[in-house]
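Colleague: Below is a structure I'd like to ask you about.
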Amino acid sequence: MADETEGLPPRSDFSAWYNEVIRRAEIMDVRYPVKGLYVWYPFGFALRNHTYTLLRSLLNRDHEETLFPLLIPETEFMKEAEHIKGFEDEVYWVTHGGLSPLDVKLALRPTSETAIYPMYALWIRSHADLPLKLYQVVNTFRYETKHTRPLIRLREITSFMESHTVHATWDEANEQVEYELALSQEFYRDLGVPIIISKRPDWDKFPGADFTMAVDAVMPDGRTLQIGTVHHLGDHFSRTFGITYEDVNGEQQFGSQTCYGISERCIAAVIGVHGDDKGLVLPATVAPTQVVIIPVIVGKRGDEILAAVKTLESELKAAGLRVKTDARDMRPGAKYYHWELHGVPLRVELGPRDLDNNQLVCVNRLGVKTIVPRENAAESVRKLLDEAHDQILARAESHLESHLMTAATPEECNEKLDGNVVVVHWCGCRDCADKLEELTNSSLLGTEVRSRYVVNDEGPCIICGKTGKAALVGRSY
Ligand SMILES: Nc1ncnc2c1ncn2[C@@H]1O[C@H](COS(=O)(=O)NC(=O)[C@@H](N)CS)[C@@H](O)[C@H]1O
Ligand SMILES: [Zn+2]
């Protein structure tokens, strides 16, 4: 599907590299004739499915999966004032069924609060029904007016995981917020993607929420990508939609709620954070192919080599590994190029010498070469895949650490924002934030910053000098 000859743009030209690798590594095809809608190639879709299988395995510890309708009647959608304000210029509407105009127009869900919560109001009667913790993985639609980009900013979000929970008290809902943040930490550690968690400023929180905790990754160009958000909804939506329960004293109480969202941006983060000049570098946890076996056919021992490779492949598959053999009649170098472009974590070469020495030559995607004995191959390969994961995580962590700066003045902040994220002190008032954003063409991303590389200390506000707290500033996608 894609020509393999010419190289990729250097990753230092991240935007060009990203667009090219999405195509050449067969992730998504951007040629679909509707802006912001893209088509999954089979390889990309396999990566997406392994990623969401991982996410579901974490969510299923504490939630149940469900599925709500795509279309939301205007009557429900328009119930929560702040929610509407936040989404009214992003909602797609269905106005006709065939040739007849609909008496109530229907929103294509931009997110599903107003589809789910009327049903929650029917389902929840007593405290015994709480806590209720459901999630769904659906497509959602947002008429984005900013620059659309595959996996990062779509008009059809094809892989929108949204979790919606209801609790008896505000504090229990707050515990759930912490639970979902810990789940995000685990999910992104399994993807090898370091994250920074922070509390979004009030003007950036989810429409209708008490507060929003955001999960940000730092892409190679230093721009941040919001790859998850957990919102404490308080009782705003439960009051609007009548989600009440009878408490132990027989009193009617409003539920307290959270919602949590992750989209295919998590895949954009894996591609962006780990990739290199040769293409994708995929964590074995979600790589569609974890191991590619390359027979090195020289001289007259071709059949013997191929037989040995066949045995090895079935042995690794039997151990639950996702393995391919590339026995195509082409130069080994061209094969390496193909599988490196597709981010395969480990390559196993098997030639005559390896047969005679009863060994395997293993090279991981970062180029680390290890020779292992042929016996217990599956065990050795698993160990090498774990080591490869640790290596890509360490590489990503050091990238994050070296791109997190501090600044004491707007000038210094402006300078450092080129390719980096900056921690400043901010007094918490909006005007200082607006001034800083204007002076440095950036966004104030959040406070209460949670990252091993950030000290949440106090200091003079970068604008007004009053005592302020640590705040994250960055340019984001
Ligand atoms: N246009 C978009 N394309 C891709 N991902 C997006 C887009 N808009 C938002 N996202 C991702 O979806 C996540 C959840 O979206 S959100 O608006 O912040 N939150 C909600 O919609 C809540 N109802 C939680 S489900 C965001 O953190 C962001 O990572
Ligand atoms: Zn200030």
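Colleague: Say R0 is 30 Å: what FRET efficiency, to the nearest 0.05, do N60 and E246 get from their beta-carbon distance?
Modeller: Working: r = 29 Å, r/R0 = 0.97.
Between N60 and E246 the formula returns 0.55.
Colleague: Taking +1 at the Cβ of each Lys and Arg and -1 at the Cβ of each Asp and Glu, which of I297, V177, Q226 sits farthest along the dipole of the range 162-319 towards its positive end, judged by Cα position relative to the Cα centre?
Modeller: Positive-most Cα among the choices belongs to I297.
Colleague: Taking every pair of distinct Cα atoms and averaging 1/r, then inverting, what Kirkwood hydrodynamic radius in Å comes out for the chain? Let's see the in-between values first.
Modeller: On the way: mean 1/r = 0.0407 Å⁻¹.
When all Cα pairs of the chain are included, the Kirkwood radius is 24.6 Å.
Colleague: Next question, about the same structure. Mind checking which of V137, Q391, P10 is farthest towards the positive end of the chain's charge dipole, using Cβ charges of +1 (Lys, Arg) and -1 (Asp, Glu) about the Cα centre?
Modeller: Going by the Cα projections, it comes out as P10.
Colleague: Excluding same-chain residues fewer than 8 positions from K317, which lysines have a Cα within less than 27 Å of its Cα?
Modeller: Of all the lysines, those that pass the test against K317 - Cα under 27 Å, at least 8 places apart if same chain - are K278, K335, K369, K383.
Colleague: Residues with beta-carbon under 11 Å from that of E246, excluding E246: net charge, scoring Lys, Arg +1 and Asp, Glu -1? Intermediate results must be reported in sequence, preceding the final value.
Modeller: On the way: positive: R125; negative: D129, D247, E251.
Residues close to E246 contribute a combined charge of -2.
Colleague: Search the structure for amide H atoms under 5 Å from the amide H of L8, placed 1.01 Å from N in the peptide plane, and list their residues when 5 or more places away or on another chain.
Modeller: Here the answer is none, since no amide H 5 or more places off falls under 5 Å of that of L8.
Colleague: Send over a whole-number figure in Å² for the accessible area per residue of the chain, probe 1.4 Å.
Modeller: About 43 Å² of surface per residue is accessible.
Colleague: Can you tell me, using C-alpha contacts under 8 Å and at least 6 residues apart, the relative contact order of the chain as a whole percent?
Modeller: Taking the mean separation of contacting Cα pairs over the length of the chain, I get 14 percent.
Colleague: Can I ask one more? Students often check this: by mean Cβ neighbours within 10 Å, which of 355-364, 154-163 ranks highest, and how do the rest follow?
Modeller: Numbers: 355-364: 16.2, 154-163: 21.3.
By packing density, highest mean first, the sequence is 154-163, 355-364.
Colleague: Would you please give the FRET efficiency between V39 and F68, computed as 1/(1 + (r/R0)^6) with r the Cβ-Cβ distance and R0 = 25 Å, to the nearest 0.05?
Modeller: The pair V39/F68 has a calculated efficiency of 0.50.
Colleague: As I understand it, the dipole of the chain uses +1 on the Cβ of Lys and Arg and -1 on the Cβ of Asp and Glu, about the Cα centre. Which of G275, S126, L439 lies farthest toward its positive end?
Modeller: Highest projection toward the positive end goes to G275.
Colleague: In debye to the nearest 20, how big a dipole does the chain give about its Cα centre with +1 on each Lys and Arg Cβ and -1 on each Asp and Glu Cβ?
Modeller: For this selection, approximately 1460 debye.
Colleague: Then there's this: Dipole magnitude of the range 17-176 about its Cα centre, charges +1 at Lys/Arg Cβ and -1 at Asp/Glu Cβ only, in debye to the nearest 20?
Modeller: I would put it at about 760 debye.
Colleague: For the range 75-169, give the percent of accessible area contributed by carbon and sulfur heavy atoms, probe 1.4 Å, rounded to a whole number. Present the calculation step by step, with values, prior to reporting the outcome.
Modeller: On the way: 2310 of 4090 Å².
Percent of accessible area from carbon and sulfur atoms in the range 75-169: 56.
Colleague: So which aspartates and glutamates pass the test for K310, namely a Cα distance under 12 Å, with those fewer than 8 places away in the same chain ruled out?
Modeller: Counting by Cα, and skipping residues close in sequence, K310 has these aspartates and glutamates nearby: D326.
Colleague: Follow-up. Helix 42-59: angle to the longest alpha-carbon principal axis of the chain, degrees 0 to 90, nearest 10?
Modeller: The helix 42-59 is inclined about 60 degrees to the chain.
Colleague: For the range 416-466, what's the relative contact order in percent, using C-alpha pairs closer than 8 Å and at least 6 residues apart?
Modeller: 50 percent.
Colleague: With a point put 7 Å past each Cα toward its Cβ, work out how far D202 is from D29 in nm, to one decimal.
Modeller: Each label point lies 7 Å from its Cα, and together they span 5.0 nm.
Colleague: Taking amide hydrogens as modeled 1.01 Å from N in the peptide plane, which residues meet the under 5 Å criterion relative to G468, leaving out close sequence neighbours?
Modeller: G459, C461
Colleague: With n ≥ 4 as the cut-off for DSSP H runs, can you work out [θ] at 222 nm for the chain, using -39500 (n - 2.57) per run divided by the number of residues, rounded to the nearest 500?
Modeller: Taken over the chain, the calculation gives -10500 deg cm²/dmol.
Colleague: Something else about it: Between N441 and M119, what length in nm is gained on full extension when 0.36 nm per residue of separation is reduced by their alpha carbon distance?
Modeller: Here the answer is 111.6 nm.
Colleague: Tilt of helix 265-274 relative to the longest C-alpha principal axis of the chain, in degrees (0 to 90, nearest 10)?
Modeller: The helix 265-274 is inclined about 40 degrees to the chain.
Colleague: Report ³J(HN,Hα) in whole Hz for each residue of the range 86-98, in order, from the Karplus equation J = 6.51 cos²θ - 1.76 cosθ + 1.60 where θ = phi - 60°; Gly and Pro get x.
Modeller: x, 10, 4, 8, 10, 8, 8, 10, 9, 10, 10, x, x
Colleague: If amide hydrogens are placed 1.01 Å from N in the peptide plane, which non-local residues have theirs closer than 5 Å to the one on R153?
Modeller: Residues meeting the criterion, in which the H sits 1.01 Å from N, do not exist here.
Colleague: Under a crude label model (7 Å from the Cα following the beta-carbon direction), how far is K317 from K85 in nanometres?
Modeller: 5.9
Colleague: A further question on this structure: Determine ³J(HN,Hα), in whole Hz, for all residues of the range 196-201 in sequence, where each value follows from phi through the Karplus function 6.51 cos²θ - 1.76 cosθ + 1.60 and θ = phi - 60°; x replaces Gly and Pro.
Modeller: 10, 9, 8, 8, 4, x
Colleague: Right, next: To test your reading of the geometry: what angle, between 0 and 90 degrees and rounded to tens, separates the Cα axis of helix 332-341 from the longest principal axis of the chain?
Modeller: 10
Colleague: Still on this structure, I have one more. Expressed as a rounded percentage, what relative contact order does the range 74-142 have, with Cα pairs under 8 Å and six or more residues apart?
Modeller: 35
Colleague: Strictly over 25 Å apart at the Cα level, which of K416/K466; K146/K466; K105/K133; K79/K105 would you flag in this model?
Modeller: Correct reply: K146/K466; K105/K133.
Colleague: Given +1 on the Cβ of Lys and Arg, -1 on the Cβ of Asp and Glu, and no further charges, what dipole in debye does the range 1-102 carry about its Cα centre, rounded to the nearest 20?
Modeller: 200
Colleague: Sticking with this structure for a sec: Between V94 and S126, what is the label-to-label distance in nm when each label sits 7 Å out along the Cα-to-Cβ direction?
Modeller: The answer from the label model is 3.8 nm.
Colleague: Return the sequence-ordered ³J(HN,Hα) values of the range 107-121 in whole Hz as given by the Karplus equation 6.51 cos²θ - 1.76 cosθ + 1.60 applied to θ = phi - 60°, using x for Gly and Pro.
Modeller: For the range 107-121, the Karplus curve yields 7, 7, 3, x, 5, 10, 3, 7, 8, 7, 5, x, 6, 4, 4 Hz.
Colleague: Considering only the other residues whose Cβ falls under 12 Å of the Cβ of V286, what net charge follows from Lys and Arg at +1 and Asp and Glu at -1?
Modeller: +1
The values are calculated or read from the model by the stated rules, or taken from the named source; none is laboratory data. As the structure is a prediction and not an experimental result, all values here were calculated from the model. Cβ sites come from the backbone with ideal geometry, for glycine too, and all protein chains shown count toward neighbours. Protein only, heavy atoms only, side chains kept; ligands, DNA and RNA dropped before computing areas. Shrake-Rupley method; radii C 1.70, N 1.55, O 1.52, S 1.80 Å.
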